[in-house]
Structures are given as C-alpha cells and as structure tokens.
1. Can you give the angle from 0 to 90° between the axis of helix C:32-53 and the longest principal axis of chain C, with both taken from C-alpha atoms, to the nearest 10?
2. Tilt of helix B:134-148 relative to the longest C-alpha principal axis of chain B, in degrees (0 to 90, nearest 10)?
3. For peptide C:128-140, what's the mean number of Cβ atoms from other chains within 10 Å of each residue's Cβ?
4. So what's the gap between the Cα centers of the stretch B:35-94 and the stretch C:55-98, to the nearest angstrom?
5. Evaluate the Kirkwood expression for the hydrodynamic radius of the stretch A:294-380, namely the inverse of the mean inverse distance over all pairs of different C-alpha atoms, and round to one decimal in Å.
6. Roughly how crowded by other chains is peptide C:79-88, in terms of the mean Cβ count from those chains within 10 Å of each of its Cβ atoms?
7. Would you order B:Asp201, C:Asp4, A:Asp489, C:Asp195 from fewest to most other beta-carbon atoms within 10 Å of each residue's own beta-carbon?
8. Could you quote the convex hull projected area for the stretch B:6-65, Cα atoms only and averaged over all directions, in nm²?
Amino acid sequence: MSYHSAKDPEESLPDWLKALRKRQNKENVEAVDETPGTVQPPSSSETPEVEPEWLQEIRGRYRHEKGPEEAEPAEEQPSLGDTQPHTVSKIGETPEPQPIEEEAPLAPEEFTIEDAGAQDAESAAEVVDEEIEAPGHTPAFTESEEAISPGELPSWLQALRPGGSFPKEDTRSGEMLPGAAEAAGPLAGLSDVLPAEPDLAQIGKPPVFSTRLDITENQRLHAAALKRLIDEESKPTEDESRRAVGPTRVLNLVMGAALLLSVVFPLLTQSRSVVRPESGLFPEAGNVYDLIDVLPAGAAVLIAFEVQPATFGEITPLASAVLDHLLDRQAALVFISTQPTGPGLAEKLLQDQLGEMPNVATGDYVNLGYLSGGMAALRSFINDPRGATLSGLQADAWQNLESIDQIGDFGLVVVISSGAEEARAWVEQSAGALPGGLLAVTSQQANPLLRAYLQSDPLTLRGLVSGVQGAALYERMRAREGLGSAYWDAYSFGLGAIVLLILLGGLYGRVISMKPEKGKPAGSQRAA
Amino acid sequence: MNLRVRTPLAAAVAIAAGLLILLSLFVTDFDEIRGRVLNWTILLAAIALLLGLVNLFTVHFDRLRSKQKPFYSAVLLVAMLATFGITIWDGSQGLIPAWIFTNIQIPVETSLMAMLAITLTLAAARLLQHRNDLMSTIFAATLFILLLGSGPLFGIELPLFTNTIGPYITKILSTGAMRGLLIGVGLGTLLTGLRILIGADRPYGG
Amino acid sequence: MQLDPVFLSQLGLIIAAALTLITLSYVVGDHPIFRTVLYLFIGVAAGYAAAVAVQDVILTQLVYPIADEFAGIPSMDLVELGIRAALSLLLLTKLSPRTARLGNPVTALLAGVGAALAIAGAVQGTILPQIGAAAGIFNAEAFELSLQGGYYGEGIQIVFDGMILLLATVATLAYFHFGAASRGKQEPLRNIFVDALAWLGAMFIAIALAALFSGVLLTALGALIERLSFLINAAGALLGGP
C-alpha cells in the first residue's frame, strides 16, 4: 500500500483513522512495531477484557475456522466478516448473489475513500443491513442481543486499520507529539497538556479524503459501514421516549396554563396571606439594610443602575424598596449606567414607584445618564467621576456634588443589576478604589455568582439582596408593604406550581416511556 | 491574488495602549494620559454601537430589496429608523421616546423573560423524564431542593428546605463551586488578556 | 400639534397589553404576529440604544466640540479634538470592506485597552480576593469562640463547612486543570488524583449550574408575575374595573 500524497500522511488521514490509530497505539503499541505492513487480526491477548460474550463467541468461531496463522493480507477475513452470513466464507470466492455484486468492482488502485463516502456509503450500509436481516441466513446479530452503542467502536472495527499503510517512523503531526506545544485555545503555547480541542469536540462531519488506498472490496464495504457509523454519530439521536410522551404542544399548553393560573389567582384576589421571609436567614440582605440605615442625612449615594428591560419587572419591587429606604435617609442619589436602557429605566422607576417622595417630586437627584464602553467607562468613572465623559447636562449636575472628587467620596455605592456580569464588572473595577466594597441589589439570577464575592478577602461586596424574595424580605425589615408584598403570594403559588409541574411532568414522562410501544418488545426500547 | 499582510501598526497600538493602561495602575504619572485614552475608548465604543445600527440597517435593507421575508425587515427598519430619529430629536426622556420605550420595548422584553418561566419549567420536567446519568441526577436533585427552599409553596413553608438544606447548598456547596469557577474564569481572562498584550492573539485583524 | 398625554397613556396601555399577550402566546407556538412583534422590538431596541449613545456620548464628546470649534468658541483642546475626530473617522472605515483595514488600529486600541482592564479587574477584583477567601475559609475567630464557650458541635460544624467549601473550590478548579504528564508516544495522561478531584469537581459544577438555573427560573417567575399583574391592572383600567 502506498500513499499518493506529499503531505504528512498522518495529517491527511481522516479523523476516524486517526482515532483508530490512537486506540491501537494505546492497546498494542508493541504489536504494531513488530509487524509493520501486516494486518493483525485481533488475538485473544488483544481482546479487551470488557468484550461482550457474543463478540468473544464470534472471535472463537473465527479462530476456529481460519486460525491466526492464516492471517495474511491477501487471504485476510476482516473482522466485519463476522457480521456477514456464513455462506460468504472467503474473499476470493464469488459470494451468493447479493446487492453488492451488482456493482462493478473497482480496481484497488482506483478506489478512494471519497468514492466510498460519496457513492457507496449508504448503499453499502444498506447492504450490510439487508444481509443481516435477510431470511434464510443466520445473522451474527439478532434483535435480542444488546445493540452496539454508537459511541463505542468494538474492537473488530479497529482491525480495519490497513496494515502497512503507515510508515514505521512517527509521522504524527507536530501538535500530537509528546512535548509539543498546544496550538489552540487558552493553553496555546504550553506543552504536555490535554488537547484543548479534542477529537470528541469536533462534532462536524469528518472531511472526505481522496487519498487512494489499495484495499479489497470487503474493506471498502467495511469502510463505508464505518463511515455510516461515524456519520450517525453527528446526527442528533431521536428521542424515543419523547415520542412516547405524546403531543408535546398539548403538554406545554397544559403546563403553561397551570402555571399562569396559579400566578393569576393570588393576584386577582390580592391575597397577602403568605408569611414573608425572615431576615435571619439572609444576613447579606441584612447588611444592605444596616448600611443604608446608618447613612448620615444628605450623604451622596451612587446608584449604578445596570438594569435591562427584561428583568425590570422582577427588579422593580426590590429596587423600589431599597431606593425608598435611601430616600427616607435623605440620601442624595446619583444615577449612572453602562447600559443604554439604564437611565430610562431608572427614570421610569423613580417616577412610577417613588414619585411621591420629596426628593423625586422636586427632581432633587442626579441622573448622569449612559456611559458607553463597558469596562473602560467604568474604570474611567471610578478613577475620575468628574473627568469621565459626561454629557453637557451632567456637567450642571455635578455642581450639586462639589464634595465628590473620587468614587470613594460617595457615602455608599449601590449596584442595581439585572445580571451577574454587570455587577461583577463593578466589583472588579472598583476593587482598589472602594476598600469597603459595595452593595448589590440584583435580579435573582445574579445571586449565585455574586454570593462568592460576599466572603472575599479583601472585601469587595458588603451586602446582597435579590429578587422578589429579597423585595418581600426588605419590605418586612422596613415594616412596610409595597410591590414585594403584593407579589409575594403570587410568587409562592407560582413556585409551588413550578415544583409540582416539574415533578408531575417528569413522572408522567417516565411512566409513559415505560409503556412498550405497539409492535415492539418491551426490552427493545432504548432509555433516552 | 489574495495577499494577507499582517500590519504591525495595529499590534503596536494594542500592545502600547494595553501596557500604558496597566502601567498607569501603578504609576500615578500616567493618570492623565490614561484618562484621555479611556475617554477615547468611550467615544469609540459609542461609534461602534452606531456602526452596529448601520450594519443592521444594511442587512435588512438588502433583504427588503431581495424580497427575502420583506415584511419583517420592513417592520424592523421602520421601527428602528423611527425610534432612532425621534429619540435623537426629542431626547431619550422626551414624551414620545419614553412612550415607545415604556409601551413597546419594556413589555416585549419583559414578556420574553416571563415566557422563560414556562419554558424552563418544561425543560426541567424533560430533564427528569429523559436523563439518567449521575450529573443530571445531581443537577435535578439540587434544582429541586433549591426550588423547595426558595420560599413557601402555595403558602406552606417547608422549614427543612427553606432553613436548612437550601441555604446549605446555596451558601456552601454552590458558593464553593462558584469560587472555583470565578478563579478559573479570572485566570482565563488573565491569560487571554496577556495573549492580546503580547500580540499572540490579534482579534482586531492586525 | 400637541399630543394629549391622557390619550397617549390609554393608547400605550392598550398597545403594551396587546404586545404582552402576543409575546406570551408563543407558548402555544410560533406564529407570524409573534414574529412581527419580535422584529418590531428588535428595531425599537436597536434604534433606542443607538440614539442614546449618540445623544449621551457622540454629540457631547465629538459633534458639539467640533461645532464649537467652527463657531469660534472652542470647548476642547484642538489636538484632543483632532485625535478624537481622526479615531472616529478611522473606525467608520469599517463600514466598507474595502477600507476596513484602515480601522484596524482603532479596533486594536479598543482591544488593548479592554485586555488591560480585564487583566487588572480579574487580578484585583476576582483572583486575589477569591484566593484570599479560599485561604481564610475557616472562620478561626468563630471557631475559637465556640471552643471557649463549650459549643463543640458548632466548632466542628465550622471546620466541616470550611472543608466542604474548600473542597468545592479546589475540585472545581481541578476540573479545569489540563496539565498532564508526558507518556512517550502516547497521549499525555492526567494524574489520577487530579482526575478523581476533577470528577468530584464536575459534581460541584452541576450543583452550581443548578443554582444558576433556579436563579434564572425565579427571575423569570418574577417577570411573569409582573406581566400578569400588569395585564390585570390594564384590564381594570380599560374596562373600568378595580
């Protein structure tokens, strides 16, 4: 066999052959070195210990018929032959009339893998299937036997490696060699690391190669079958139990309707019977309350309003409660945002929810507007709030804030944020400038990530309160009733509905998927 | 002939700007120049946003011309141009821009988020239906416990979950893992940033 | 023409309610009206964001100073203004594929500054504080107090919690550890201890992801409550109900 390629042979190999080679290297490096150029049928010593019984039986049969000493390239019975009917005993013999014989056999030197892939893959695969299932034959596989997992190539497929097709010397590409530097990903440049982009991560179709190989008809058939296996790997597997669940849309509708009704009911009845959460369980929320409660009157408080419209509905009750507390403490509020929608939403919140507070009614607050540039804007503002790029209107606003030269001059810095990333950017960029850290008032989705900053050393986040639960909690701490209390019952019922729906939906699916489908034996259903 | 020449100028600019910013964090003499560079960045970021708008316009204008789902593109273009024009003219706090923002953007965006409650509930139910592996079981069990501990269900509080197991997962297990993730992300950011600063990565096409 | 605020408010209520219902109707399935609303929303969001950027930044930082310069009342240093104008023009060359290369130095400036700030923020705001937190995970003061007060159970609890917290952090980090020993011609293999720790880390990551999932779910529930509350109030206002 020979390569007709000037490139590094290993590089020009298709992925599946590389994978085969890797596996063989692992299992039998010595055997390959000793017998280059020959195809070694897997001996008993090479057989993996985990090999299923049926495969061992086939191997035993194969050895009994041919014997390992007959394993010469010309007379080789490739292992996939095990899957063929036993009437086809030798490669050289003309087999029974079968679909594969209808095709004009290609001369070995004319055959290309590309041909196999493009023209024969499907038909050849069908041939294999038909032969297996053809009446009158004794198929190697029966339905009662366990199906081969698509991700695990059995060892008989490994024997497909054409013997002697690779040079003896190590022809692996540079990046595969031990000690070679990683070429991609964040580990690029480092050696002796696991590949950043393993073959498994390459979910696209393997490239079709035109490298000519001198292979027999049967090998061509096997290559096509293997290609089919690999192709099927990249296809999304059909979820059988999903089919069993029935019309998904109806289920969606029922579950959606149940959730909507459970939320609407308490809102319609304006129920306020559910006990609000206790502050003892949320010390980080208590910190927010305590720090605001000891603010001196008139202290300037910076509000980083990093809210997006998507979470505005959820965050409004909590932000209202906290801002109400700040306004009660007669804090001078200064708003800034690195979100284009931030200033508009801040204004809407103030006017809709806190319009009756004296400071808001008289416009005694500052909205510095939008700062574009993300982290650069943050850093610029944190280093020099006055010098940062601000609009003309904002320049007037600074006249009321003469005492503020740096961000540390604010009595408090409160980040009201939709997501963890925006709040994290503030925490990171202000870490050096705010030794005491800042407060975060966030959407519930930001809570798990930001929680890690609560115990950081040096301290970067002093308090955290989140979501509808946080709003109800904060209002309870303030002994007031606002939107948080109004939503709390609906939250409780919605949460109950979600838990029930997940549980019932999951159980329903399990029960349905356990029922055997018509015309199928119970054992043949694959668990999804 | 397709010539691809690497321009050293872009790489030099990236390296110089990055090093200057890093240096300015330690040397106060660079404060002024750092302020200038950051202000340029703020301006350029705003212009980049404008470029994005122009790009969106071009894409949908082309679709409109080629009659590729022209109705949707027409709706988008009219909405975009009208909102842009009116907001520039009247200011973002003007009557009409605020009306558009309040009555179109906020309802749609919040509703999309609201719909997520239904779809995520369905997704969680599907997870219970179909997945059997260890990680999925841990994920599902944790999710279930956290939901049980997130408040009273139908007004009934389950103290075991709200006071004990839920907080333990949130404050210990999840926070510990998050800390590991944050350190990992921080190290990744550090490495990626350094690669840009030494010119190994050139996302700007230099 | 002066627009009547009351009329605008009523109209806005109807439109917002209709858009909310159309968007929520997606739960039944995709339909052309939903798609139309989606495109409308994208257009409005893009137009609004760009307009705010122009109004708050570009006009005040570039256009007005240039106008002032031409009007003979300079409000900005001419060199500074020249640099800003030049950088802006170079960035605008990205609009055309033919001239896009001219804009590379400007995008390089953005990338360089962004990388430096990301490094500084990550080190100062995340890596060091989080490592500090992981190192000081055992609350020594509380532990000492618990022993002095005879609260041995609480003392053990403090140590146990600290160990679990530390294990979670280390195991999660191990999951992302890709260092491996060379094995001649074979693929590098990860240390078995690190492998075991990484397996444990995968479990902790599953727990963290579940926490994130529940957070997003509860956020969405909050949004759903707000939207339904809005619809009830809107119906009340429009139909004259409560």
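Readers should treat all values here as calculations from the given coordinates under stated rules, not as data from a laboratory. On a predicted model such as this, the values are computed, not experimentally measured, just so you know. Because the Cβ atoms are built from the backbone with ideal geometry, glycine has one as well, and the counts that use them run over all protein chains shown.
1. Value to nearest ten degrees: 90.
2. 80 degrees
3. Values: counts 7, 17, 15, 5, 6, 13, 8, 1, 3, 4, 0, 1, 0.
If you average over the peptide's residues, the count of other-chain Cβ atoms is 6.
4. Cα centroid of the stretch B:35-94 versus Cα centroid of the stretch C:55-98: 19 Å apart.
5. On the way: mean 1/r = 0.0755 Å⁻¹.
Result for the stretch A:294-380 stands at 13.2 Å.
6. Working: counts 0, 3, 0, 0, 2, 6, 1, 0, 5, 6.
That average works out to 2.
7. On the way: B:Asp201 18, C:Asp4 9, A:Asp489 25, C:Asp195 14.
In order of increasing Cβ crowding within 10 Å: C:Asp4, C:Asp195, B:Asp201, A:Asp489.
8. Working: hull surface 22.8 nm².
About 5.7 nm², averaged over all directions.
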